[in-house]
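The values are calculated or read from the model by the stated rules, or taken from the named source; none is laboratory data. Predicted model only: the values in this text are computed from it and were never measured. Cβ placement follows ideal geometry from the backbone for every residue including glycine, while neighbour counts extend to all protein chains displayed. Just the protein is used for accessible areas: all its heavy atoms, side chains included, with ligands, DNA and RNA removed. Shrake-Rupley method; radii C 1.70, N 1.55, O 1.52, S 1.80 Å.
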Amino acid sequence: MISVIVPVYQVEEYLDQCVKSIINQSFNELEIILVDDGSPDNCPIMCDKWAERDERIKVIHKLNGGLSDARNAGIQIAKGDFIAFVDSDDWIAPNMYQMMVDAIEKENADICACGIIVSHPENEKALNIPEVVGDSKMILELIYNDTQYPVAAWNKLYRRECWENFRFHNGKICEDAFTTYLLVDHAKKIVQISEPLYYYRIRSNSIMTSEFSHKRMDEEEAWRCNYEYMKAHYPSIAGKAFGFYLQKVNILIHTIPVKEREIYKKEYEYLRNILKRNIWFVLFKSKMSFKYRIKFVLDLIQL
């Protein structure tokens with residue numbers, strides 16, 4: 001059985017599409033856990049109505065604690081042999097879990113990842129990811145190689161044992177980047193299938209697509225933790241992880257509008273100093289492409 005954990009908060013416009021895509025899976029042995037994270041709209045009522053319609057659905061009503069807290073609440077009561085996550089504004093292909101279970105059983109793997117379709121209001125685009133079977137080291141290298149192994153929790157199926165010693169970081173955004181490298185490192189074998197089976201909806205009002213705020217600094221911390229872990233446990237990957245971290249810092253600092261640099265002066269100077277200190281690494285030691293190194297320098301000049 002698969003326990004599918006769905007955190008729910010202010011998504012009444014999208015919730016029905018999400019739940020329908022799960023209950024209509026070709027793989028029927030599901031435990032669907034809808035975690036109402038104190039949603040102030042009609043979502044709590046909608047969750048209860050779904051539970052009345054399908055006996056596989058369980059509902060948790062809790063005080064608002066954020067995405068990580070909601071996922072952790074679902075993990076706590078999950079009974080399945082496998083655990084999966086779906087964000088409540090997204091949806092999944094009808095054969096997603098059957099294909100992933102088949103891949104895990106074929107390879108005797110602990111984690112399976114699948115391809116992703118990014119859904120914008122105007123269009124959809126499939127992310128090209130490689131089909132891979134490998135150990136922890138191989139997959140970790142792919143994370144820091146143009147994200148050929150996406151860190152998202154929701155395009156994956158995990159054996160239940162993967163979560164025995166891990167939980168999402170409460171109160172953090174970029175929560176998947178804080179956990180995925182640890183889960184991968186503690187898995188014996190990981191498989192990734194290239195079929196795009198998870199539909200990730202881009203919303204203009206989401207935290208990760210909105211303008212800069214203090215919370216966005218969690219992104220810097222998450223990728224710094226990745227690098228520090230690689231430095232301690234996988235020295236051969238550390239350089240690539242550090243370069244990836246610097247790319248994330250570069251992206252993050254440019255989400256701070258020029259007119260707001262004084263408002264976020266502490267964060268701006270912190271990020272800028274990271275980039276300035278490491279310009280030598282980027283130009284002469286990193287494995288970044290020549291084109292990106294030039295871009296990095298030009299971006300730094302603008303700061």
Among the listed residues I251, I274, I263, identify the single one that is open to solvent by less than 70 Å² (accessible area, probe 1.4 Å) and either over 22 Å from K295 (Cβ atoms) or of a type in the set (V, I, T) (or both).
I274
Could you pull out the residue among K188, K125, K156 that is surrounded by 15 or more Cβ atoms within 10 Å (Cβ to Cβ) and among the basic types (K, R)?
K156
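So which residues in the stretch 133-153 are open to solvent by less than 60 Å² (accessible area, probe 1.4 Å) and in contact with a helix residue (DSSP H, G or I) (Cβ under 7 Å, 6 or more places away or on another chain)? Steps first, answer last, please.
Narrowing the stretch 133-153 to residues open to solvent by less than 60 Å² (accessible area, probe 1.4 Å): 134, 136, 139-140, 142-145, 147-153.
Across the stretch 133-153, the qualifying residues are S136, I139, L140, I143, Y144, N145, Q148, Y149, V151, A152, A153.
Which of the residues belonging to the stretch 209-230 are outside any helix (DSSP H, G or I) and in contact (Cβ under 8 Å) with a residue 24 or more places away in the chain? Can you show your working first?
Keep residues of the stretch 209-230 that are outside any helix (DSSP H, G or I), which gives 209-213.
Across the stretch 209-230, the qualifying residues are E211, F212.
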Checking S26 against (1) part of a loop (DSSP other than H, G, I, E, B); (2) among the hydroxyl-bearing types (S, T, Y); (3) more than 19 Å from P196 (Cα to Cα): exactly one of these is not met. Which one?
(3)
Kindly provide the set of residues from the stretch 12-23 that are in a loop (DSSP other than H, G, I, E, B) and out of contact with any helix residue (DSSP H, G or I) (no Cβ under 9 Å at 6 or more places or on another chain), ordered by number.
E13, Y14
Those strands (runs of 3 or more DSSP E) completely within the stretch 72-150 that have 3 or more residues that are aliphatic (A, V, I, L, M) are 111-119
Within the stretch 159-185, the count of residues that are open to solvent by less than 40 Å² (accessible area, probe 1.4 Å), farther than 18 Å from S236 by Cβ and acidic (D, E) comes to 2
Restricting the first residue to the stretch 128-144 and requiring it to be in contact (Cβ under 8 Å) with a residue 24 or more places away in the chain, which pairs with a second residue that is open to solvent by less than 70 Å² (accessible area, probe 1.4 Å) and among the acidic types (D, E) meet a Cβ separation below 7 Å and a spacing of at least six or different chains?
V133/E107; S136/D185; L140/D185
